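The values are calculated or read from the model by the stated rules, or taken from the named source; none is laboratory data. All figures in this text were calculated on a predicted structure; none of them were measured in a lab. Here the Cβ positions follow ideal geometry from the backbone for every residue, glycine too, while neighbour counts run over all protein chains shown. Side chains are part of the model used for accessible areas, which takes the heavy atoms of the whole protein and leaves out ligands, DNA and RNA. Shrake-Rupley method; radii C 1.70, N 1.55, O 1.52, S 1.80 Å.
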Amino acid sequence: MDTPDYGRAPNACSDIPRYVAYTSPVSTGRMNINEGSPAATLPLNLVALIISYLDDIGDIARVTRTSRLHYYMTLPQLYQRVSLHSYADIRYVNGRPEGFGSGSPFTMALNGLVTKSHATLVQEFKVHGKWREVGLEEFAKGRVPDNSMMLNILLRAAMDKMVRLQSFSWELDSKPLKTLYQGLAGHSTLTSLNLKFPNSRVPRPSVIIPPIPSLRVLKVTDIDPLCYPDDISMLLLHSRKLEDLRLHFSPRMRREAEPSVSLQTYFGKCWEAKYRLKLKHFALQHFFGISDAAFPVLFDPDTCKSTTFIDTFGGTGSNPQNVYVDDTWKNLPTDMKTSFLSSRINEVAPQHVEILRRATGQERLYLINAKPSKTEDLEASPASTPITPGDTPPANEEMAQLGKEYLYVLTRHHGQSLKHLLLRDQWAFGAEDVGDLVRYCPNLEQLGLSLSSSNHAVMRLLMPFLPKLRAMRILYNEWLAENMRVVSHEDRMAGMSAELWRPGAECLEWIGIADAVYKVGKNYRAVQADGTSEWRREVTLASRADVQHIEIWGLDVLDIGADPILPFSP
């Protein structure tokens, strides 16, 4: 019987298209076209599978240069994602500026995309960094500087050749111009758009962004009405396939108590057309504006399954100077009911408890504990703002009582559906509270909470009643701080190893205690000094980076971009 041919070629290039074999820039000296090579003896589907596991751009580029076969196989992967970083200052390598003898790496990369055929392979395109705008005074005279116009023309020329473009991200410190938006509107394959507006108050043309019929994901950041942002209202109205919308406003307005924005500015055209966005996910951050009780629901509640609100409604313990605007959001419509599967928010309030009481089917709730960075803290408390005795956090008793209310409504109204739960580190729960949670929420897979004692025996006793629990995170508080100071990681891991082998914790993979993270492995028998053996479970020290895919860690951030993109509808 003949041996089946699984893609083996009689010579190295018989499987390579002829135009590639004779036009590849790879030197012929690296592979004789009339002789076989080890790579050519492998089936092409195996070569493609191996190459698909390469994730370092440098490795992919080096493999591309090894042979004509690899050039043909890896070039699409090399140019699948293109990210160009522009720097404000010249960077030096070995004493010479980058791009010595030609232009900057940013402009030379654009030149390659415009003049060569590689742009046809690009699926994700991103430009970010600082663009040195020359002639800013021309904006004040009513004309766009040539420097800015040429950038947009070059980008438009490059993107017009990207026939497979699916995602575009603009994160430069200047603004896109009309010519670029018109080019984006012509891409029938574009599904994701990320726009970051500049925070400078230089007068610029504000563009009405045209509709993109194929758009599924839209993220707009640093929206500030004093910095000439572009108008997204037409984009929202006519991009009828849009399923994921994330709006991030400049924190300046909330910091300076300046309610200069209104949701009607962005959703007014949808309201006039009596159109509700068919979103699956909606996120809002740093919005500071007065609530319009007559304004209809922004999106269709029957389609939206995930929401994120960060620094939007005020909540208990928010900045006192914003109370007059934030209080306008406290009057909930009597018929307001939600059916979100997932919610992420960093502000807690009795009104949110009431929303949860009316809601049905909540599966994931993440109450963000992350704090602003030191830089943001300094910006949030400028020297010109006097600090008075009234600027203190709410009493511990008030916050503790609010935590009890959250726990009650979650267990009684969402106990059977709840799978992921991250509570606030300010709520220290006792044994009775934890027992209540375990009793009513048997389907929990991820749990993060704070305990009122450094003795965690209650969790060990109740863990068998949470058979699906994969990740548990005990949040930092004053009781845990003492335990972390006196107990070493080795002693803590030894204690967990002696307990976790018992039945009831088979699914547990990760444990977090304050900032420490532990990976839980398989059961094994440990031989003691007297020759006897006892059951133990592998417990090793891990890092925060190892658990970024676990939501109670990965979504505990003040970033609307952290939420996963839900699968698109057909």
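What the table shows:
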{"item": "With DNA, RNA and ligands ignored, accessible area of Tyr72 (1.4 Å probe; Å², nearest 10)", "result": "80 Å²"}
{"item": "Rounded FRET efficiency, nearest 0.05, which uses the C-beta distance separating Ala514 from Lys337 and R0 of 30 Å", "result": "0.20"}
{"item": "Beta bridges per DSSP with both ends in the chain, % antiparallel, nearest 5", "result": "20 percent"}
{"item": "Accessible area of the chain divided out per residue, in Å², using a probe of 1.4 angstrom", "result": "52 Å²"}
{"item": "Largest to smallest accessible area among Lys371, Lys274 [probe 1.4 Å]", "result": "Lys274, Lys371"}
{"item": "Rg ratio (alpha-carbon, reference 2.2 N^0.38 Å) - the chain", "result": "1.16"}
{"item": "Difference of contour (0.36 nm per residue) and Cα-Cα distance, Lys178 to Leu226", "result": "15.3 nm"}
{"item": "Only Lys, Arg (+1) and Asp, Glu (-1) charged, at Cβ; the range 65-202 dipole about Cα centre in debye", "result": "260 debye"}
{"item": "MRE, 222 nm, helices only [DSSP H, n ≥ 4, -39500 (n - 2.57), over the chain, to nearest 500]", "result": "-8500 deg cm²/dmol"}
{"item": "Given charges at Cβ of Lys, Arg, Asp, Glu: the chain dipole, positive-most of Leu75, Ser543, Thr532", "result": "Leu75"}
{"item": "Rounded accessible area of Asp231 (nearest 10 Å², 1.4 Å probe)", "result": "50 Å²"}
{"item": "Test item: Cα-centred dipole of the chain, Lys/Arg +1 and Asp/Glu -1 on Cβ, debye", "result": "1740 debye"}
{"item": "Charge dipole of the chain about the Cα centre (unit charges at C-beta), most positive-ward option of Trp170, Ile511, Leu44", "result": "Leu44"}
{"item": "Furthest towards positive pole of dipole, Ser291, Ser454, Gly101, structure part the chain, Cβ charges", "result": "Gly101"}
{"item": "Tyr71 accessible area, 1.4 Å probe, all protein chains in place, Å² to nearest 10", "result": "40 Å²"}
{"item": "Entries in Lys116/Lys175; Lys141/Lys175; Lys337/Lys419; Lys280/Lys404; Lys269/Lys371 that, when Cα-Cα distance is taken, lie over 24 Å", "result": "Lys116/Lys175; Lys280/Lys404; Lys269/Lys371"}
{"item": "Efficiency of FRET between Ser188 and Lys468 - r from beta-carbon atoms, R0 51 angstrom, step 0.05", "result": "0.75"}
{"item": "Whole-percent carbon and sulfur share, accessible surface of the range 141-294, 1.4 Å", "result": "54 percent"}
{"item": "Inter-label distance, nm, simple model (7 Å from Cα along the C-beta direction), Arg357/Arg439", "result": "2.1 nm"}
{"item": "Mean Cα-pair separation over length for the chain, i.e. relative contact order, pairs under 8 Å, 6 or more apart, %", "result": "7 percent"}
{"item": "Residues His85 and Asn483, FRET efficiency given R0 of 41 Å [Cβ-Cβ distance, rounded to 0.05]", "result": "0.40"}
